[in-house]
1. Considering each residue of segment 231-284, count those that are closer than 16 Å to residue 214 by Cβ, at pLDDT 75 or above and either open to solvent by 30 Å² or more (accessible area, probe 1.4 Å) or among the β-branched types (Val, Ile, Thr) (or both), and give that number.
2. Yes or no: residue 172 of a type in the set (Lys, Arg), under 16 Å from residue 121 (Cβ atoms) and free of Cβ contacts under 8 Å to residues at least 12 places away in the same chain?
3. Looking only at segment 204-236, which residues are out of contact with any Lys or Arg (no Cβ under 9 Å at 6 or more places or on another chain) and hydrophobic (A, V, I, L, M, F, W, C)?
4. With segment 114-214 as the region, which strands (runs of 3 or more DSSP E) entirely inside it contain at least 1 residues that are more than 30 Å from residue 229 (Cα to Cα)?
5. Taking segment 211-227 as the search range and keeping residues that are modelled with pLDDT under 90 and closer than 30 Å to residue 142 by Cα, which one is surrounded by the fewest Cβ atoms within 10 Å (Cβ to Cβ)?
6. Using beta carbons and a limit of 8 Å, which pairs, at least six apart or on different chains, have the first residue in segment 180-200 and over 15 Å from residue 119 (Cα atoms) and without any contact (Cβ under 8 Å) to a residue 12 or more places away in the chain and the second one among the charged types (D, E, K, R) and loosely packed, with under 13 Cβ neighbours inside 10 Å?
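The values are calculated or read from the model by the stated rules, or taken from the named source; none is laboratory data. Since this is a predicted model, take the numbers as computed values, not measurements. Methodologically, a virtual Cβ is constructed for each residue, glycine included, from the backbone with ideal geometry; neighbour enumeration extends over all protein chains shown. All accessible areas refer to the heavy atoms of the entire protein, side chains included, with ligands and DNA or RNA removed. Shrake-Rupley method; radii C 1.70, N 1.55, O 1.52, S 1.80 Å.
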Amino acid sequence: MNKIYDKLILAVAALILAGGVALYLKQAGATSQAASVNVQTADNPYQLVPVQPSESADANWPEAEAQPAGPKWIYDVFTPPKIYVDLDTGEFSADPPVKVAPPVPFGIYLADLERKPYRIQLEGYIEEDSSDASKTLLLMFDEETQKQVRARPGDEKAQSEFKLLSFDIDRKRDADYNVEVIAKATILDQRTGEEVVLTHGERRFDSGVTVIIRSEEDATYVRELTEVPTEFEGPTGTYTLQQINLEESSVTVEKDAVEDEEPEVRVLSIQSASSSTPPTNTKPAQEQSDVFDLMF
């Protein structure tokens, strides 16, 4: 009985195999017929479209310049920071992959610009006759003796070593009829033999100026400079006083190169030692204008 079942199963399998082979042959024949179909073009075949030749243009590309690695450039390719999380607060923190050394301080600051006043000043005047300036009494002040000196035009003051040559008052009216009074006294400085003009209401200074330089790195450091240019040593390097600007109350100082640091030029304004952020401006040396001639 088992042999009969085996024969039936074998016969069914043979029929299924024969059917599969017949189906495969039929599909293969249909595919070959579809591939041999002759496709005819339409009545209006494709027309060739002329292509205009492209014009090539020469480009002048600039050379790539390497950017310097500044103090904030702490990352390189594939250098991730280390990130931490505080399990108590849930806040994140990170350490840079490269420890950046703090920049070298400039080392000095401008403490003051001192100008020595001229030894004779015009403090005031008393007019006895407004039509005759020669009768006016002038109130002069001797800076050296710290005493007032009274003089009239033509008077000679031997102790203060000057002679009052003349005194003039110029009254000007503007469009609103406001009067501007300009009073000037001309004296002969018997020390130098020069004539000096003193203007009332204006303090006259000598031609020189003294630059006071100090340092926050060394509280005992102080330098007094009177000429431009002047090279001097500081707590963190060598410097050169380049320019003095009396109108802006500033000086231009160049610091020589120190180790890996490049030379640096700064415009220093007057500041106190306790100032945490000094009011300085960094400028290229070639952009500084010569302002030393502002001194008078």
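1. 9
2. no
3. 219, 225, 228
4. So the answer is 120-126, 137-142, 147-151, 162-173, 179-189, 194-199.
5. Only one residue tops the list, namely 227.
6. Taking only residues 6 or more apart or on different chains, the pairs are 180/171; 180/172; 180/173; 180/174.
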